[in-house]
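Take a look at the structure below.
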Amino acid sequence: MKDHPHQLIPVRAFASTFIAQFVDSIVFFVVGFVGVMSGTDVMIAIISSWIFKTLYELAILPITTGLVKKLKSLESIEQFDHYELRVFKF
């Protein structure tokens with residue numbers, strides 16, 4: 001039985017935030033603070049901001065999911081949900 005496309009919205013939202021905010025935190029803190037702060041402080045800032053951003057996404061995920069579902073139902077278009085997500089399937 002194939003999952004309904006709306007069931008993948010939370011997974012996609014969290015996965016994209018998890019990866020993108022990690023990269024964003026690294027770039028931001030390395031460019032902005034290397035040479036100004038110690039390496040240990042930069043690493044702590046990277047990790048703590050990444051954790052904060054990821055936890056924030058988890059907290060607002062129900063709102064995000066509801067808004068996406070509402071917008072998709074208003075548009076009646078599923079352009080990106082016609083294909084099966086095959087990231088870890090071999």
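The values are calculated or read from the model by the stated rules, or taken from the named source; none is laboratory data. In this text, all values refer to a predicted model and were calculated from it rather than measured experimentally. Glycine also receives a Cβ, built like all others from the backbone with ideal geometry; neighbour counts cover every protein chain displayed.
Things worth noting here:
- Hits in segment 28-59 - residues which are assigned to a helix (DSSP H, G or I) and of a type in the set (G, A, S): G32, G39, A45, S48, S49, A59
- Beta carbons closer than 9 Å, at least 6 apart along the sequence or on distinct chains, pair a first residue in segment 60-80 that is at negative phi and in a helix (DSSP H, G or I) with a second that is aromatic (F, W, Y) and modelled with pLDDT of 80 or more for L61/F14.
- Among residues of segment 56-77, those that are surrounded by 11 or more Cβ atoms within 10 Å (Cβ to Cβ) and either over 30 Å from F33 (Cβ atoms) or not β-branched (V, I, T) (or both), counted: 10
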